[in-house]
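**Student:** Below is the structure I would like to discuss, written out as structure tokens.
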Amino acid sequence: MTLEKKTNPNLVRLVKYLKGKARNESAPIWRDVAGRLEKPSKNWAEVNLSTIQRHAKDGETILVPGKVLGAGYLNKRVSVGSFSISDGARKKIEQAGGSYMTIREMVDESPKGSGIRIMG
């Protein structure tokens, strides 16, 4: 069985960055996220806003190692980070008073990964 190499240079840099942060900060959450992003993209998490609405608490920080989709509604103020996001999901998060950031921004904001919940 041959392993496919990732061809997206941004993804390759992100995975390398996450592994380095996990090692330097002793934060296993970033190694877990890097491992999930190394899998084939068809196996990545795709989380709808309805799932975030159902399982997240108000004010929580959610990390989706994949894509956030805009199906459903959101009325909780949450911070969401992911590799990619649909335009509709971004608008709904901001309308609910929440915020969106990339995984790299999330790592820079919380190098130890404390207070972050992985969903998906």
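Each value in this text was obtained by applying a stated rule to the coordinates, not by laboratory testing. Since we're looking at a predicted model, the values are computed, not measured. Here the Cβ positions follow ideal geometry from the backbone for every residue, glycine too, while neighbour counts run over all protein chains shown.
**Student:** Could you let me know the centre-to-centre spacing of the stretch 1-50 and the stretch 52-69, using Cα atoms, in angstrom?
**Tutor:** What the calculation gives is 18 Å, centre to centre.
**Student:** Shifting gears a bit: Taking neighbour counts of Cβ atoms within 10 Å as a proxy for exposure, in what order, fewest first, do 36, 90, 117 appear? Kindly include the intermediate steps, with their values, before the conclusion.
**Tutor:** Values: 36 19, 90 16, 117 13.
Ordered from fewest to most neighbouring Cβ atoms within 10 Å, 36, 90, 117 come out as 117, 90, 36.
**Student:** Could you give the radius of gyration (one decimal) and Dmax (whole number) of the Cα atoms in the chain, in Å?
**Tutor:** 14.2, 47
**Student:** Can you compute the helix-only [θ] at 222 nm over the chain? Use -39500 (n - 2.57) per DSSP H run of at least 4 residues, normalise by all residues, nearest 500 deg cm²/dmol. Display every interim value, and only then the final one.
**Tutor:** Details: 5 runs with 51 residues, N = 120.
Calculated mean residue ellipticity at 222 nm is -12500 deg cm²/dmol.
**Student:** Could you put 5, 92, 67, 39 in order, starting from the residue whose Cβ has the fewest other Cβ atoms within 10 Å? All intermediate terms of the calculation are to be shown ahead of the outcome.
**Tutor:** Numbers: 5 6, 92 21, 67 18, 39 11.
Listed from fewest to most nearby Cβ atoms, that is 5, 39, 67, 92.
**Student:** Need the full-extension length gain, residue 5 to residue 105, defined as separation in residues times 0.36 nm minus the C-alpha distance. One decimal, nm.
**Tutor:** That works out to 33.5 nm of additional length.
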